[in-house]
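Comments concern the structure below.
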Amino acid sequence: MTTSWEDERLPARLPVRPLEGRFALSDAALSAAESLLPTFRGPDGDHEGLIYFLGVERPRDTLLVAAAAPDADHGPRWVRASQAAILAMTQEAHRNGLAVLSQLHSHPGGWTEHSVGDDDKVLMPFEGMLSFVAPHYGRFGLRPIDGLGVHQWQDGRWVACGRESIRDGIRVIPSKLDLR
């Protein structure tokens, strides 16, 4: 079967499992990702984009506090960053006391599951890592989080995470609290 980005009725290819762990994603990082995705464009229009979330891992949870766009080659139906670009981004993250902890990329249509190539193109996946997929090039934002494809590296492979576990396991932390 040939898959087409326009066919949004594709069957699930990955097993669906509950999200493991707890994740806190800062509103500032999410807003930064929303503003960075539309910058992946060319003369032919919107392109797939690639963003990484940077943060810190703690024993019981992962804090994602910044978004980074690596130097990447991209087109309407693909995006890729070289190992050198990922290394440069990782070094910059480390200079700021952070680690590269998850990735986000966009698809042209409404399909938010990993495509076959997505499984292999994530550089150095690690246990518990998240891979988000935003539909429609992320043009309509990234909220609510459970509207994105959320995948996690579990037991040596990617799985798709169920919506309820995404709602329970990923919290968006506000950047400002005015309690007056």
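For the stretch 115-123, the criterion of being of a type outside the set (Val, Ile, Thr), at pLDDT below 95 and touching a helix residue (DSSP H, G or I) at 6+ places or on another chain (Cβ under 8 Å) is met by at least one residue. Criterion applied to Arg41, Arg80 was being under 19 Å from Pro135 (Cα atoms), charged (D, E, K, R) and in contact with a Leu (Cβ under 8 Å, 6 or more places away or on another chain), and the one residue passing it is Arg80.
In the stretch 58-79, of all residues being β-branched (Val, Ile, Thr) and either over 27 Å from Gly117 (Cβ atoms) or touching a His at 6+ places or on another chain (Cβ under 9 Å) (or both), the one that is modelled with the lowest pLDDT corresponds to Val79.
Considering the stretch 1-56, the residues that are at pLDDT below 95 and among the charged types (D, E, K, R) include one that is farthest from Asp73 (Cα to Cα), namely Arg9.
Give me the residue from the stretch 100-122 that is of a type in the set (A, V, I, L, M, F, W, C) and surrounded by 15 or more Cβ atoms within 10 Å (Cβ to Cβ) and, out of that set, farthest from Leu14 (Cα to Cα). That would be Val100.
Among the residues making up the stretch 41-66, a single one is aliphatic (A, V, I, L, M), buried (at least 19 other Cβ atoms within 10 Å of the Cβ), over 21 Å from Gln83 (Cβ atoms) and out of contact with any helix residue (DSSP H, G or I) (no Cβ under 8 Å at 6 or more places or on another chain): Leu63. Counting only strands (runs of 3 or more DSSP E) that sit completely within the stretch 75-180, those holding 1 or more residues that are hydroxyl-bearing (Ser, Thr, Tyr) and under 18 Å from Gly49 (Cβ atoms) correspond to 99-106, 130-134.
For Ser131, the criteria (1) at pLDDT below 95; (2) among the small types (Gly, Ala, Ser); (3) within 21 Å of Glu34 (Cβ to Cβ) hold in every case but one, which is (1).
The values are calculated or read from the model by the stated rules, or taken from the named source; none is laboratory data. Keep in mind the model is a prediction, meaning the values are calculated, not measured. For neighbour counting, all protein chains shown are included, and Cβ atoms are generated from backbone atoms with ideal geometry for every residue, glycine included.
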